[in-house]
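Taking it in order: structure first as structure tokens, then the write-up.
The values are calculated or read from the model by the stated rules, or taken from the named source; none is laboratory data. Bear in mind the structure is a predicted one, so any value in this text is a computation, not a measurement. Note that we place each Cβ from the backbone using ideal geometry, even for glycine, and neighbour counts take in every protein chain shown. In case anyone asks, the SASA skips ligands and DNA or RNA and just uses the protein heavy atoms, side chains included. Shrake-Rupley method; radii C 1.70, N 1.55, O 1.52, S 1.80 Å.
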Amino acid sequence: MKFVADLHIHSRFSRATSSDLTPENLWLWGQYKGIGLVGTGDCIHPLWLDELEKKTEPDDNGFLRLVPSIASGLAAQVPASCRREVRFVLSTEISCIYKKNGRVRKVHCVVIFSSLEACRSFQQRLAALGNIKSDGRPILGLDAKDLLALALECDPHVLFVPAHIWTPWFSVLGAASGFDSVRECFEDLTPHIFALETGLSSDPGMNWRLSGLDEFILISNSDAHSVSKLGREANLFDTDFSYAGVYRALADRNDPGMTGTIEFFPEEGKYHYDGHRDCKTRLHPRETAWYGGACPVCGKAVTTGVMSRIESLADHPQGRRGMRARPYFNLVPLEEVIAESRGVGSQSKQVRQAWFDLVSRLGPELSILMDYSLPDIAAAGGDVLAEGIRLMREGRITIQAGYDGEYGVIRIFDELQRKQVRGQLSFL
Ligand SMILES: [Zn+2]
Ligand SMILES: [Zn+2]
């Protein structure tokens, strides 16, 4: 069966997240977005795991489903065009901060469990090592390799995935506090790592430049801190809709079950270019080299972005395909395409309303972005929107790249183009 999976999100118990992150809303938004499998996020946090146990029940496939009485109470909020099965899989992110080989390392990993029992036993082990109540994403003074060993002890079928691997501050390959290879971090346990999360600021094409990553399959997740961001990056599967199916698709090199990923345009990510946010300094890696790595405004060292970091570790030029390569699709969130088609801000009320209208009339967001025909989109949302979707699908958009924690800025149209599209179409 074909399904979309978003395996790394957060609950409202993580720092800087929205209070709308409840099991009920994740179930609803999974349907609005077109996602069949949602990682629970934060499954080590005691309050969140208790809530999950209360509001969901294990299915026979290693996933959780919303208890039927809750689901039936919510069903009226789901337009017929979006109705689908949504299951959850137990997952959490964990932050390891420790010293290794003479340097402080900060590594985030996503851990996905095959059962509630395994998750509970891991929770108990971590509770003995640090504070698991203060943040949905526990912060531990533990070596990431030891964390992997512990996870394997609690769950032989755990999926342990280094998160957003290029983020400068908190990742296995990050410029500021990561390593130069996955093996340097996980040593002899490296074969238990099957997948790497590429993060918002890089896409698979950039990662394929490193032959050191060939043994891993590349996955993408939203890392959502509010429900509306669910599925902004995600994974496409065509396999059994079960934990075993997902596990096989990632762990077995010959299994074709993972068929691709949904990606941001990497320039949209917060760390694509180098730069210094306080001074609004945004630098292409070539410019950084020109300025000797210092901010031309204040002279402080700039934050090295993902493009630079990959350039410094890559052993191939852009254009190489990785050994476990899958197709990928660079998308812009629908609310941004709507906002661009109307020339208004993406957080405005009219955009939110138009988004809901469109999803109710046509179907889930990801299907609108990827699958539906342009005439159908034009009929439901207008000609300018359909033209925006076409330009996005063809990659013909401009983006001011993100840097030092600042998201990139997308432009699909300028005012003249919007008028031209309307004018041409009314002329025809
Ligand atoms: Zn993280
Ligand atoms: Zn500066």
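So in the stretch 166-177, with the set limited to residues that are open to solvent by less than 10 Å² (accessible area, probe 1.4 Å) and touching a Gly at 6+ places or on another chain (Cβ under 9 Å), which one is nearest to ligand 1 (Cβ to nearest atom)? Residue satisfying both the conditions and the ranking: S171. Against the criterion of being away from ligand 2 (no atom under 16 Å from the Cβ), open to solvent by 10 Å² or more (accessible area, probe 1.4 Å) and in contact (Cβ under 8 Å) with a residue 24 or more places away in the chain, D6 does not qualify. Examine the stretch 37-53 for a residue that is among the acidic types (D, E) and closer than 23 Å to D238 by Cα, and state whether such a residue exists. Looking through the stretch 37-53, none of the residues is among the acidic types (D, E) and closer than 23 Å to D238 by Cα. Filtered by the rule that a residue be surrounded by 15 or more Cβ atoms within 10 Å (Cβ to Cβ) and of a type in the set (A, V, I, L, M), the stretch 57-69 gives L64, L66.
When you look at G299, is it away from ligand 1 (no atom under 16 Å from the Cβ) and touching a residue at least 12 places away in the same chain (Cβ under 8 Å), yes or no? Against the criterion (away from ligand 1 (no atom under 16 Å from the Cβ) and touching a residue at least 12 places away in the same chain (Cβ under 8 Å)), G299 does not qualify. Out of R209, R183, one residue alone is part of a helix (DSSP H, G or I), more than 16 Å from ligand 2 (Cβ to nearest atom) and at pLDDT 95 or above. It is R183. For the stretch 227-245, the candidate set comprises residues that are open to solvent by 10 Å² or more (accessible area, probe 1.4 Å) and not charged (D, E, K, R); within that set, the residue that is farthest from R87 (Cα to Cα) is S228. Here is a check on your reading of the model: is N207 out of contact with any His (no Cβ under 9 Å at 6 or more places or on another chain), assigned by TED's automatic domain parsing to the domain that holds G39 and of a type in the set (S, T, N, Q)? Yes, satisfied. Filtering A144, A163 for residues that are open to solvent by less than 50 Å² (accessible area, probe 1.4 Å), within 30 Å of H276 (Cα to Cα) and touching a His at 6+ places or on another chain (Cβ under 6 Å) leaves a single hit, A163. The residue list G130, G30, G34 contains one member that is among the small types (G, A, S) and modelled with pLDDT under 95, which is G130. For K106, the test of being modelled with pLDDT of 95 or more, of a type outside the set (S, T, Y) and in contact with a Phe, Trp or Tyr (Cβ under 8 Å, 6 or more places away or on another chain) is passed.
Exactly one residue among S121, S115, S134 is away from ligand 2 (no atom under 16 Å from the Cβ), touching a residue at least 40 places away in the same chain (Cβ under 8 Å) and surrounded by fewer than 18 Cβ atoms within 10 Å (Cβ to Cβ), and that residue is S115.
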